[in-house]
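So the structure is just underneath, and the comments pick up after that.
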Amino acid sequence: MLERDLYEPVYNYLELRFRDRLQPARGDLRHITAITANTGGNATGIWSKPDLCIISLSRQKYGLSWQIDLHGFEVKPQGACSVQSVHEALNHTSLVNFTHLVWHVGDWNESRADCSTILSRCSHYGVGLITFSTPGDLTSYVLHLPARRHEPSSDAFDEFVETRLSQDDRTKLLSWITELRR
């Protein structure tokens, strides 16, 4: 299976399962999920294109302000994940708050050398690790390691949104931000 064939099933996982991790227990969440692998133009660099993203606006029930976060997801098919994949995901931290490696691996076993190496490198760099064995089966997705927060520059964040989200998604996000600033 090719990497691009995994984007839609991973998108479904993000929409139907992962976003629950972003929802405050008693607060509010607004989010946009997008496939971004082929956006951003050619001048953005080969390792600066997360395959998918979620941009979220969240607020605690008794919070005074909204938090905006950008999650990037680097997808790797079976047989194509390596330490280099971790570094590719790590590079996304110049653009996103949280970066995740999403690996299609049919036989995850933490004691296996390749699995333990990937897990160790992700842990070292603060890259989240999600694996799945069956792309269309949402119950096969496992979050092994949550991503640590990174702080891209405000300009890099804005550039990501401007160059990687569709016009409709940018309009929706801007309308939310405008509404919430009042």
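The values are calculated or read from the model by the stated rules, or taken from the named source; none is laboratory data. Values in this document were obtained by computation on a predicted structure and should not be read as measured data. Heads up, the Cβs are rebuilt from the backbone with ideal geometry, glycines too, and the neighbour counts pull from every protein chain shown. Each accessible area value is taken on the protein alone, full model and side chains, heavy atoms only, with ligands, DNA and RNA left out. Shrake-Rupley method; radii C 1.70, N 1.55, O 1.52, S 1.80 Å.
Results, tabulated for the structure shown:
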read-out: Residue count, segment 60-89 (criterion: hydroxyl-bearing (Ser, Thr, Tyr) and surrounded by 16 or more Cβ atoms within 10 Å (Cβ to Cβ)); value: 1
read-out: Residue that is most open to solvent (accessible area, probe 1.4 Å), among those in segment 137-182 that are part of a loop (DSSP other than H, G, I, E, B) and closer than 24 Å to Thr39 by Cα; value: Glu151
read-out: So Ser111, is it of a type in the set (Gly, Ala, Ser), more than 19 Å from Phe73 (Cα to Cα) and open to solvent by 70 Å² or more (accessible area, probe 1.4 Å); value: yes
read-out: Checking Leu119 against (1) open to solvent by less than 50 Å² (accessible area, probe 1.4 Å); (2) modelled with pLDDT under 95; (3) over 18 Å from His31 (Cα atoms), the condition it does not meet; value: (2)
read-out: Cβ-Cβ under 9 Å pairs, at least 6 apart or on other chains, segment 132-161 side touching a residue at least 12 places away in the same chain (Cβ under 8 Å), far side of a type in the set (Asp, Glu) and open to solvent by less than 60 Å² (accessible area, probe 1.4 Å); value: Arg149/Asp69; Val161/Asp169
read-out: Per-region count, segment 111-148, residues out of contact with any helix residue (DSSP H, G or I) (no Cβ under 6 Å at 6 or more places or on another chain) and farther than 16 Å from Val86 by Cα; value: 6
read-out: Positions within segment 60-76 being part of a strand (DSSP E or B) and either among the hydrophobic types (A, V, I, L, M, F, W, C) or more than 21 Å from Ala89 (Cβ to Cβ) (or both), in sequence order; value: Gln67, Ile68, Leu70, Phe73, Val75
read-out: Residue count for segment 99-108, restricted to those that are open to solvent by less than 60 Å² (accessible area, probe 1.4 Å) and free of Cβ contacts under 8 Å to residues at least 40 places away in the same chain; value: 4
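Residues checked against (1) closer than 27 Å to Asp137 by Cα; (2) open to solvent by less than 20 Å² (accessible area, probe 1.4 Å); (3) in a loop (DSSP other than H, G, I, E, B):
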| site | (1), (2), (3) |
| --- | --- |
| Tyr7 | yes, no, no |
| Tyr11 | yes, no, no |
| Leu16 | yes, no, no |
| Pro24 | yes, yes, yes |
| Arg30 | yes, no, no |
| Ala34 | yes, yes, no |
| Ile54 | yes, yes, no |
